[in-house]
Amino acid sequence: PFLAFTRSMFVAKKPNYAQPNWPGVGLALGTSAALWAFLIKQHNEDVMEYERRQKERHHKCTECS
């Protein structure tokens, strides 16, 4: 009986497709773009480090022995 008078914090309502939630859309797209930029930057740094180590290893194996 006590629960009958409580209100849920979640309210179900029909979505209004005529007025999208622009701040939410901007936040989602901005977050996605930031993550992609970070991943591409990290990938490029990893490739440069890999190439540097390969060059270093190649140098040690052939020229200095």
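The values are calculated or read from the model by the stated rules, or taken from the named source; none is laboratory data. Computed from a predicted structure; not experimentally measured. With ideal geometry, Cβ positions are generated from the backbone for all residues, glycine too; neighbour counts draw on all protein chains shown. Note: areas computed on protein heavy atoms with side chains; ligands, DNA, RNA excluded. Shrake-Rupley method; radii C 1.70, N 1.55, O 1.52, S 1.80 Å.
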Inset, instruction - Please work out if ASN44 is modelled with pLDDT of 95 or more and surrounded by 10 or more Cβ atoms within 10 Å (Cβ to Cβ). - result: yes
Inset, instruction - Specify the residue that is modelled with the lowest pLDDT; the eligible residues are those in the range 4-20 that are open to solvent by 100 Å² or more (accessible area, probe 1.4 Å) and not aliphatic (A, V, I, L, M). - result: PHE5
